[in-house]
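Please treat every number below as a calculation from the coordinates, not as lab data. Owing to the predicted nature of the structure, the values given are computational and were not obtained by experimental measurement. Here the Cβ positions follow ideal geometry from the backbone for every residue, glycine too, while neighbour counts run over all protein chains shown.
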Amino acid sequence: MGDDSVDSPPRSRAGRNLPAAIASGVGLGIVVILSLFTWKWLFVVVVIATMLVAVREVIGAFAGVGVRVARTPVYVATVAVPAIAYVWGPVALIAGTGVAILVALMWRIRRGYEGYVRDVTASVFTLAYLPFMAGFLSLTLAADNGPARIVAFVLLTISNDIGGYAAGVLFGRHPIASQISPKKSWEGLAGSVLLQGVVGALCFVFLFDAPWWQGVIVGLVMTVTATGGDFAESAIKRDLGVKDMGSFLPGHGGMMDRFDSLIPNAFTSWALFTLFLGAGVVF
């Protein structure tokens, strides 16, 4: 969502290096499109690769405050969980995540009891926040019209950022939660709701030949979860005392700084697409 702050050039009013942000965003979009419409499974490889970068950022942020995530189980799960979800479906996603949590609990015992609860809590959080949520993108892709569903997911999430950014910069005056993210405004939220509702209706009509009102509902719900994801990551960064989770993407910061709204929407879009369009695949 947008904001009403003023920063000196070359940064935009949203506090970003806008040309670099646009360039990296377009680059990510090109990679996604190429992976979706060459070999379908290649998108899963892209998801796994980006999640590995995101996991590394989260582990590093925790390490900065003395929290030691069970690295090996988390990295292995980040590769395995989205892959098995794509091949074997929702039960495999749940089972794979459960196994990863059990392994993480046992893995940490090697370091003794001091800080055990703190470290395993961070490990389980990382597993649930990244590989588990990424698994829902794999489930979405596995549908017969999976590439179209992924395109709709990306368009809807991007429209949340665009609508919120534009409305926030032009009209933003009233912060939603200034202590967590002072640049996000109610006006920006309204812009996100409006644009995502329109994009959702267009996606459902032209990509899925489905009723427009279903797309509006999907757009509205995904606005809520995307905004919640934005605030959740802002709260995480403030609690850990970091400005950005990394510097992997020019203009955006780290991978996690770009995926704050994509992560919760991975589950939300899968659930809503399944509700309105059906599972579209038999595992």
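Residue by residue, the range 215-227 carries 3J(HN,Hα) couplings of x, 5, 4, 4, x, 5, 5, 5, 5, 5, 6, 5, 5 Hz when phi is fed to the Karplus relation 6.51 cos²θ - 1.76 cosθ + 1.60 (θ = phi - 60°); x denotes Gly or Pro. Based on alpha-carbon atoms, the Kirkwood radius and the radius of gyration of the range 119-180 give Rg/Rh equal to 1.15.
Pull out the extension gain between L102 and D144, defined as 0.36 nm times the separation in residues minus the alpha carbon to alpha carbon distance; nm, one decimal.
On the way: separation 42, 0.36 × 42 = 15.12 nm, distance 3.31 nm.
This chain segment gains 11.8 nm when fully extended.
Binning all Cα-Cα separations of the range 39-142 at 5 Å, short to long from zero, yields these whole-percent fractions: 2, 14, 26, 22, 17, 10, 6, 2, 1, 0.
Ranked by Cβ crowding within 10 angstrom, fewest neighbours first, how are L240, L272 ordered?
Numbers: L240 16, L272 22.
In increasing order of surrounding Cβ atoms, one gets L240, L272.
Among the listed pairs K183/K237; K184/K243; K40/K183, those with a Cα-Cα distance over 26 Å are K40/K183. Amide H to amide H distances under 5 Å link A210 with V205, where only residues 5 or more positions off or on other chains count and H is placed in the peptide plane. Listed values for the range 259-267 are Karplus-derived 3J(HN,Hα) couplings in whole Hz (6.51 cos²θ - 1.76 cosθ + 1.60, θ = phi - 60°), namely 9, 4, 8, 5, 4, x, 6, 4, 6, and x replaces Gly and Pro. The H on the amide N of S185, modeled in the peptide plane, is under 5 Å from the matching H of G2, I176, each at least 5 residues off or on a different chain. Summing charges over all other residues whose Cβ lies under 15 Å from the Cβ of R68, with Lys and Arg as +1 and Asp and Glu as -1, gives +4. What is the distance in Å between the Cα centroid of the range 123-198 and that of the range 261-283? Result: 15 Å between the Cα centres. Exposure proxy for K243, K40, K184: other Cβ atoms within 10 Å of each Cβ, ordered fewest to most, give K243, K40, K184.
Going from the residue with the fewest nearby Cβ atoms within 10 Å to the one with the most, R110, R71, R149 rank R110, R71, R149.
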